[in-house]
Amino acid sequence: MHLSRSLACLVFGSLLSCCGPWSAGAEATPALPYDQIILSDNPVAYWRFDGEKPLQNLAKGAAGLATESVGAARLAKAGPQAGEYPLFTADNRGVELGGTRGYLKTTDPGEQSDLDFSLGDAITLEAWVNPRGLRDDQQVYIVGKGRTGNPGQVAANQNYALRLRAVDGQMRVSFLFRGEGTARDGGDEFHRWNSQEGFVADGRWRHVAVSYRFGDPGSIRGYINGQPTAGDWDIGGPTKAAPTVDNDDLWIGSSMGGKIDSTFSGFLDEVAIYRQALSPERMAARYQSNLKEPAVPDFSEAPRHAVLVEIVEDIPDAMQWNVVTPPPVEQFSQQAFALTDTPRKYNSHGVIIDRSNPFLVRSRTRKHFAGGEYDLLLRSRQAARLFIDGKLVAETKFLKPNGSGHEKVPELADPHAATYPLPPGHQETAVRVKLEPGEHHFRWECFVGGKNMRTEIGEPVVAFSHPGETPQVLTADAGDAEPFPLTTAAWEAFELGVRSQMLALNQRRRQEVSAEYSDYWSQRHDLARKELANWPDPQPPALADGMPANNAIDQFLAVPLKEAGVAPTALLEDDAFLRRVTLDTVGRIPTPAERTAFLKDPADTRRQLVIERLLENPEWADHWTSYWQDVLAENPGILKPSLNNTGPFRWWIYESMLDNKPLDRFVTDLVMMEGSRYGGGTAGFGMATENDVPMAAKAHTLATAFLGVEMKCARCHDAPFHPFSQEDLFSIAAMLDRKPITLPKSSTVPPPPAGGREPAIESSLAPGAKIMPVWVFTSLSASDLPAGLTRNPEDARSVLAASITSPQNERFAQVTVNRLWARYFGRGLVATPDDWHDTDASHPELLKFLARELVLSGYDMKHVSRLILQSHAYQRATADKGTDPALFAGPQRRRLSAEQLLDSLFVAADKQLYAEPLTLDPEGRRSVSTFLNLGTPHRAWEFTSMSNERDRPALALPMAQSLIDLMLAFGWRDSRPNPLTVREEPATVLQPLSIANGVAANRTVRLSDDHALTEVCLTDISLDALVDRLFVQILSRPPTASERELFMAELADGFENRRRLSEPKQPSNIIRYRNPVSWSNHLNFRATEIKQELERLTNEGDPPTRRLDPVWRVKVEDALWALINSPEFVFIP
């Protein structure tokens, strides 16, 4: 087809290569702008995707080559730019292709065009590429002629193509053409060359090129970033044949009709075609970069006495191995090749933020082995691989997202199996290896997350054994790190250990990253203490005659009591005090060991000492988290979490309480709404998707929680019974929104019809009114904030946080201490903690005193709690029913909260809660915007609503629901659309029935093999000592003489012959590990059958021990049942 022209090009091209300015040995070409470098090499086609005509072919004489965009090709996207790539301008643009039938099409002008190449012709194809990543062996087109699938064209007519091919996670340069004539006669003579080197799709731009002279297979040259790369001909092998030549189109970014597997996904720029083979020198001139290629990690070093765990972020989401990874962002040490959690990530304020998705967890150690054969077991959720001495020995596959509900349901795990069952959504592989005696280097890598999947590590593990033996978890060589068996009991113990380790590690990380921010708050508190000079300084009055007092609180209370002629109640006995103070501080009854420690302390100081221990107990955070969940309306949904829910900012609440975060900083973090929306940051507080003005709801919550201002009625009109207008509420909402808010019609009350009755409410705002972000509560805190109070006075949200927490705002401190007082006494100094309008404090001077103490302490909740708990008033018996509760002759009689009740039941049995993970997608194959996983609960506050679409039985979580049912009966809210401080807790018939017959209480009563009292009964204990232990375990006190006599008489028969020590232990909590149903398979009929079976097992309760005589065991269970059904168990002393 163009023979004479080809020969001319051959001769002329040879002359150019010998004597042109880019010949070998020539001086380096000056750094011209990139487009001038290209144009100086005389391309026949050149697309820059820049300027006013981004699809114009800039090559000389290429006016006839018209190019158009097809499908999802998006122009004017950022290309390689100055700073990183000096040859380009700072505003250089490229084209983005989405991988869904998006490409650029150039029509061949006809016979013997510049786009036609035949035998003897030389060709160079080049482009700048920034791909998103490919699956292994996927091949995508950068630029190619033919094989378009156009009508009238032969299907396999590949004239030529420059492509990328994914091999072992690397993008390799690939050149493809088909021999002349074979496309029409059906022959299979594709010829493909692939580079041996490649690059990782890591978001950087790379230059790729290939040159070839048709008919000379040895002339092929590939280039990456201007450097030659070796390669091989594979399909069809090297050939001297001419290529297919026809008039089919030239496409950029796709082929084969836009087939997605062949379509480039990512960014392209600077695509050029030449009728010559450009020299290596000219190729080198095209690439200059100020970026360094990521270094390949050095794995030669590994610790000998620990497992080093590294977290690597910002890796490609192509789901492939052999990627060059960035340096780790975090590392820690442990003792085992097993994981159940990873450390959280925090911003500079100590608020949880998201890790990249995906990320990589890499573990390394050196370990001695005796020589021989070993069976290795590798388990993981997402892909994992194991190397021994640098050699890959085992790997699991990459998971894909799931959009179906009809997949096959895995079979139920055998709860009696010797090995810990494979968790739902996990995979495993087993291999046999032969190890030489001596030290070996182990490297284990786990991918976490992936596109449209949640970043959950699952329960990956590496275990080994001699053939036929129980697998042992691989641990480091250390004295306290012996391999432990991969059994259910051992894994549970390991999981609890990891949980404690992560709590400590996360707390340390928060403190480290927020050190500078903590210094700022120290300065804020110094400023607040200076501001106290402008506050009233109430002094405790002289103690009235005959009135008891432990501290200033009692002095303030004594005068009104004396004036009213009311005597304070007597002090509680020690056991009752211990039970009350433990419930009030850590949210559960005391353990027998805690009671023993308390009674061993000197009588005159034991109460102060136990108060200090309890205030330092991390369970303080558990108890307060449930409180703030109600007050702040934390309302996460495990299904479609963005639908009229908040995010699970419970984790931020918990960590704030664990850190004893100052209350002014706590409020500021909440108002700023930072960090992860779904992972536990305060950004989750800001979620309210099904709301016409989400920030109005948040403004209402903040006002009630921290200012005692109730503005619920101001949501749609001016409040009729409070002095607040709708504009007041929306002004605060605008501050949260950081911009003016336009009042939507849906947030107004329509006017009455003509002649209709005038409404009782007024609306001072009309639809469409614009409300500015302004602090409106100037009577509480001046709009002019003290200097240094806010770090960003231009940010309305920051100004709002500072206005609420300003030391000028006495109301904030008073509301806070009133909440503490109400929690400990059952009634506030201001009776309605959320609404202070028209409500006076019963003891205004005491309220001011406590508020001042709060500020002096740096807004430390524990400081004020300590004052209250140490007071005589708190330690007194409950007040008589007829006594004015505002006098505080003693605390009010209080029933256990739902959370206290549930947690105390399991403390009484010394059992773990053992519910399923709180998710409808335990496989982790759906995105966090569709499904949340709130984890396996360990305390009552960690539960949430189990509702799912149309109440599908296959999505039920029967163990979790059985525990939730008990809490619902006692006032817990599974949905918190509105803030609430005082729950409605009327006595109902369902409450005693839930304890008498409910599943949760049954698990406390049933003497299973994991029950603390089972082990007590199996010891060599006397009957009277056993009865004492039952009472101490359940009621935190010994029995009275009559109670002891009654219980001993009941348990005497069969006591001496109670033990059957030859019987084996029964597995407990088996249901937790038998939930193979996930969203991916819940529509399969088998899923519903499995959940029905799990519900049956849940209702049966934990299997009873066989090591006690069954008749006598039931008697003990009856005794326990009687104790937990007594009013004494469900009421705070």
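The values are calculated or read from the model by the stated rules, or taken from the named source; none is laboratory data. These numbers were taken from a predicted model, which means no experiment stands behind them. We place every Cβ from the backbone using ideal geometry, glycine too, and count neighbours over all the protein chains shown.
Quick notes
- Apart from one condition, Gln912 fits all of (1) farther than 29 Å from Leu1030 by Cβ; (2) in the same structural domain as Pro986 (by TED's automatic domain parsing); the exception is (1).
- Residue ID - modelled with the highest pLDDT, chosen from residues in the range 878-929 that are surrounded by fewer than 19 Cβ atoms within 10 Å (Cβ to Cβ) and of a type in the set (S, T, N, Q): Gln892
- Given (1) aliphatic (A, V, I, L, M); (2) over 35 Å from the mean Cα position of the chain (by Cα); (3) under 15 Å from Val907 (Cα atoms), number of the condition Ala1001 does not satisfy: (2)
- For the range 537-553, the criterion of being closer than 21 Å to Phe849 by Cα and in a helix (DSSP H, G or I) is satisfied by at least one residue.
- Subset tally (residues that are under 15 Å from Ile260 (Cβ atoms) and either modelled with pLDDT of 85 or more or touching a strand residue (DSSP E or B) at 6+ places or on another chain (Cβ under 6 Å) (or both)) for the range 127-136: 3
- First in the range 138-162 and surrounded by fewer than 22 Cβ atoms within 10 Å (Cβ to Cβ), second anywhere and part of a strand (DSSP E or B) and polar (S, T, N, Q), Cβ under 8 Å, 6 or more apart: Gln139/Ser174
- Among the conditions (1) touching a Pro at 6+ places or on another chain (Cβ under 8 Å); (2) assigned to a loop (DSSP other than H, G, I, E, B); (3) closer than 20 Å to Asp249 by Cβ; (4) modelled with pLDDT of 90 or more, the only one that Thr89 does not satisfy is (3).
- Filtered residue count, the range 365-404, keeping only those that are surrounded by fewer than 22 Cβ atoms within 10 Å (Cβ to Cβ), basic (Lys, Arg), part of a strand (DSSP E or B) and touching a residue at least 12 places away in the same chain (Cβ under 8 Å): 2
- Selection status of Arg1006, within 29 Å of Glu899 (Cβ to Cβ), in contact with a strand residue (DSSP E or B) (Cβ under 8 Å, 6 or more places away or on another chain), in contact (Cβ under 8 Å) with a residue 60 or more places away in the chain and not polar (S, T, N, Q): yes
- Which listed residue, of Ala533, Ala515, is loosely packed, with under 15 Cβ neighbours inside 10 Å, without any contact (Cβ under 8 Å) to a residue 60 or more places away in the chain, within 38 Å of the chain's Cα centre (by Cα) and under 30 Å from Val667 (Cα atoms): Ala515
- Of residues in the range 930-960 being in contact (Cβ under 8 Å) with a residue 60 or more places away in the chain and of a type in the set (Phe, Trp, Tyr), the one surrounded by the most Cβ atoms within 10 Å (Cβ to Cβ): Trp941
- Enumeration of residues in the range 459-479 that are under 13 Å from Tyr420 (Cβ atoms) and part of a loop (DSSP other than H, G, I, E, B): Glu459, Pro460, Thr470, Pro471
- Options Ala714, Ala683: the member that is aliphatic (A, V, I, L, M), surrounded by 21 or more Cβ atoms within 10 Å (Cβ to Cβ) and at pLDDT below 95: Ala714
- Exclusive hit being closer than 30 Å to Thr668 by Cβ, in contact (Cβ under 8 Å) with a residue 40 or more places away in the chain and aliphatic (A, V, I, L, M), set Ala621, Ala549, Ala528, Ala576: Ala528
- Any hit, the range 1060-1072, residues being under 30 Å from Glu573 (Cβ atoms) and small (Gly, Ala, Ser): no
- If you check Glu810, Glu794 for being among the charged types (D, E, K, R) and over 34 Å from the mean Cα position of the chain (by Cα), only one passes: Glu810.
- Selected residue (criterion: modelled with the highest pLDDT) from residues of the range 720-757 that are aliphatic (A, V, I, L, M) and surrounded by fewer than 21 Cβ atoms within 10 Å (Cβ to Cβ): Val749
- Selection within the range 764-811: residues that are touching a residue at least 40 places away in the same chain (Cβ under 8 Å) and of a type in the set (Asp, Glu). The member of this set that is surrounded by the fewest Cβ atoms within 10 Å (Cβ to Cβ) is Asp795.
- Total residues in the range 812-840 satisfying the condition of being touching a residue at least 12 places away in the same chain (Cβ under 8 Å) and farther than 27 Å from Pro1133 by Cβ: the figure is 8.
- Test: residue in the range 702-719 that is in contact with a His (Cβ under 9 Å, 6 or more places away or on another chain), more than 18 Å from Gly686 (Cα to Cα) and not in a loop (DSSP other than H, G, I, E, B): yes
- Elements of the type strands (runs of 3 or more DSSP E) sitting completely within the range 169-268 and holding at least 2 residues that are in the same structural domain as Glu111 (by TED's automatic domain parsing), modelled with pLDDT under 95 and surrounded by fewer than 20 Cβ atoms within 10 Å (Cβ to Cβ): these cover 190-199.
- Where Leu104 falls short, out of the listed (1) under 37 Å from the mean Cα position of the chain (by Cα); (2) closer than 30 Å to Asn290 by Cβ; (3) touching a residue at least 60 places away in the same chain (Cβ under 8 Å): (1)
- Some residue of the range 36-54 being free of Cβ contacts under 8 Å to residues at least 12 places away in the same chain, on the phi < 0 side of the Ramachandran plot and not in a helix (DSSP H, G or I): yes
- Residue within the range 479-489 that is over 24 Å from Ala370 (Cα atoms) and not assigned by TED's automatic domain parsing to the domain that holds Leu920 present: yes
- So Leu963, is it of a type in the set (A, V, I, L, M, F, W, C), out of contact with any Ser or Thr (no Cβ under 9 Å at 6 or more places or on another chain), more than 29 Å from Val709 (Cα to Cα) and in contact (Cβ under 8 Å) with a residue 40 or more places away in the chain: yes
- Qualifying residue in the range 67-84 (condition: in contact with a strand residue (DSSP E or B) (Cβ under 7 Å, 6 or more places away or on another chain), part of a loop (DSSP other than H, G, I, E, B) and modelled with pLDDT of 90 or more): yes
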